[in-house]
1. Determine whether Ile87 is within 20 Å of Gly127 (Cα to Cα) and not polar (S, T, N, Q).
2. Where in the range 16-90 are the helices (runs of 4 or more DSSP H), entirely inside, with at least 1 residues that are modelled with pLDDT of 95 or more, among the acidic types (Asp, Glu) and surrounded by fewer than 21 Cβ atoms within 10 Å (Cβ to Cβ)?
3. So, in the range 294-321, how many residues would count as being in a loop (DSSP other than H, G, I, E, B), crowded, with 16+ Cβ neighbours inside 10 Å, out of contact with any Gly (no Cβ under 7 Å at 6 or more places or on another chain) and of a type outside the set (Val, Ile, Thr)?
4. Does Pro230 count as in contact with a strand residue (DSSP E or B) (Cβ under 6 Å, 6 or more places away or on another chain), in contact (Cβ under 8 Å) with a residue 40 or more places away in the chain and farther than 14 Å from Arg157 by Cβ?
5. Kindly establish whether Gly347 is under 21 Å from the mean Cα position of the chain (by Cα), surrounded by 21 or more Cβ atoms within 10 Å (Cβ to Cβ) and not assigned by TED's automatic domain parsing to the domain that holds Ala280.
6. Looking at Thr266, Thr321, which is the one that is farther than 20 Å from Ala247 by Cβ, at pLDDT below 95 and of a type in the set (Ser, Thr, Tyr)?
7. Please work out if Gly218 is over 17 Å from Thr52 (Cα atoms), of a type outside the set (A, V, I, L, M) and free of Cβ contacts under 8 Å to residues at least 24 places away in the same chain.
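The values are calculated or read from the model by the stated rules, or taken from the named source; none is laboratory data. Bear in mind the structure is a predicted one, so any value in this text is a computation, not a measurement. Positions of Cβ are generated from backbone atoms using ideal geometry, with glycine treated the same way; all protein chains shown enter the neighbour counts.
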Amino acid sequence: MNAQLETTTMTVTRYMTELGRRARVAARRISSADTGTKNTALLAIATALEATVPSLLAANRQDLEVGRANGLDAALLDRLELNEARIHAMAEGLREIAAQPDPVGEITDLKYRPSGIQVGRMRVPLGVIGIIYESRPNVTADAAALCLKAGNAAILRGGSEAIHSNQAIATCIRQGLSAAGLPTDVVQVIEITDRAAVGELLRMRDYVDVIVPRGGKGLIERVSKESRVPVIKHLHGICHVYIDDRADLDKAIPVAFNAKTQRYGTCNTMETLLVAEGIALSVLPPLAQQFLEAGVELRGCERTRAIVTDINTAIPEDWDTEYLAPILAIRVVAGLDEAMAHIATHGSGHTDAIITEDYSRARRFLREVDSSSVMVNASTRFADGYEYGLGAEIGISTDKLHARGPVGIEGLTTQKYIVLGDGHVRR
C-alpha cells in the first residue's frame with residue numbers, strides 16, 4: 001500500500017477504521033494460535049530481517065538523510081540509526097522471545113468449591129494493542145514480537161522520522177507471519193505519517209483494547225490526555241536511592257554510583273540521592289568525589305553543601321526533575337520517615353531503593369514506598385524486563401492497572417475465570 005496514495009484516496013479516519021477492523025478479525029485468529037505456530041512466525045521474521053540487511057540499511061539511510069536535513073540532533077539520529085549489529089540484535093531479540101514460555105492458556109488457582117465445581121483463572125490475550133512510539137526502528141520488531149507471542153493483534157505507529165525503516169521491517173514481519181500460516185493483519189504498521197492517525201488510534205474503542213505509548217514526555221502526556229482507550233504507560237522516572245544510617249558503605253557507595261552513572265538517559269536512572277544525616281559525613285565526601293570525577297553535576301540542599309562545598313545549590317524544581325543527563329540532586333534527611341515522605345511527594349512511582357543493613361527498615365521501605373519497583377541494596381538500573389527474567393519488555397508501567405513495572409509477554413495478557421463442572425446445578 002502506497003502511503004501517499006492512501007492519504008489522497010481516503011480520509012485518515014477511513015484508513016484507520018479499516019486497520020482497526022482488520023486487526024479485530026486478526027485478533028480472533030492469533031488468540032487461538034498454538035505456541036508452535038507463534039514461534040514459527042517469530043523465527044521466520046528473525047530470518048527475514050537477517051536476509052534483508054542491505055534493504056533495511058538502504059531504507060534507514062533515507063530516514064537518516066531526511067533527519068539530518070530536518071535538523072535532528074545527534075542523540076535522535078543515533079536512536080534512529082540501524083547498522084548490521086543492531087539488525088542482528090533485533091533478530092536475536094525475536095529468537096529470545098520465541099524461547100520464552102507462552103502464558104496464553106495457563107490455568108492457575110484451580111480449586112474445588114463446596115458445590116463441587118472447580119473455579120480457576122486462565123490467562124488470555126488482551127486483544128488488539130495499539131503502540132505509539134518514536135525514533136527507534138527496533139521497537140517495530142520488539143513490539144510486534146511481544147504482542148504476537150502474547151496472542152494479540154497489533155497496530156504500530158512509529159515516528160514519521162523512521163517511516164522508511166519501519167516499513168522495511170514491516171515487510172519482514174509480514175513475510176514471517178505468512179510463513180507460519182498466520183494472517184498478515186496480525187501486525188499492521190501504519191503507513192501514513194499524518195499526525196491525525198494518532199488521534200484516530202486513540203479514539204478507536206471498538207477496535208483497540210489498549211494503547212501503549214513509548215517515547216518522550218510530550219508524547220505520553222498527549223496520549224494520556226486524549227486517549228479514550230485504556231493506556232499502559234509511565235510518564236517519567238524520578239528514581240531515588242536512600243542511604244540509611246545503618247548502611248554498609250562498601251555497598252552504599254558503589255550502588256549509588258552505579259544507579260546514576262551506568263547509563264544516564266534511561267527511566268530507571270537515579271535522579272535524586274537521599275542520605276540520612278547520621279551517615280552523611282561518612283558517605284557524601286567520597287561519593288561526591290566519584291561523581292565529580294565522572295563528570296556528574298551535583299546539586300545539593302544546604303545540609304549537603306555544608307559537607308561538600310564545591311557543588312551547586314539545589315532549587316525546589318530539582319526534586320521534581322527527570323534529568324536523563326549527568327546531573328544529580330542530593331538531599332540530607334533526618335532518617336527513613338523523611339526519606340519516604342520525600343519520595344511520596346516528589347517521586348514518579350517508578351523505581352526507588354534503600355541501602356541499609358537493618359532488616360526492619362528494609363521491610364518498611366518495601367511495604368510503604370508506593371512504586372512499581374522497590375529495591376533493597378541494589379541499583380535502580382536493575383528495573384528492566386531482561387534483568388527481571390521477563391525477556392524483552394514493551395515498557396515500564398507506573399500505572400497500577402492493568403500492568404505495573406516492566407511489561408513483558410505476561411503483561412500483555414489478562415485473566416478470565418473458568419469453571420469446571422460435571423452436570424452441576426445451583427441449588
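1. Criteria not met by Ile87.
2. Correct list: 35-51, 53-69.
3. Step one: filter the range 294-321 for residues in a loop (DSSP other than H, G, I, E, B), giving 294-296, 301, 308-311, 314-315, 321.
Cutting the leftovers down to crowded, with 16+ Cβ neighbours inside 10 Å gives us 296, 301, 308, 311, 314, 321.
Pick out the ones that are also out of contact with any Gly (no Cβ under 7 Å at 6 or more places or on another chain) and you get 296, 301, 321.
Right, trim to of a type outside the set (Val, Ile, Thr) and you get 301.
Of the residues in the range 294-321, 1 are in a loop (DSSP other than H, G, I, E, B), crowded, with 16+ Cβ neighbours inside 10 Å, out of contact with any Gly (no Cβ under 7 Å at 6 or more places or on another chain) and of a type outside the set (Val, Ile, Thr).
4. yes
5. no
6. Numbers: Thr321 fails: at pLDDT below 95.
Residue meeting the stated conditions: Thr266.
7. yes
This table checks each residue for (1) touching a residue at least 60 places away in the same chain (Cβ under 8 Å); (2) β-branched (Val, Ile, Thr); (3) assigned to a strand (DSSP E or B).
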position: Tyr264; (1), (2), (3): yes, no, no
position: Ala280; (1), (2), (3): no, no, no
position: Val283; (1), (2), (3): no, yes, no
position: Ala288; (1), (2), (3): no, no, no
position: Leu292; (1), (2), (3): no, no, no
position: Tyr323; (1), (2), (3): no, no, no
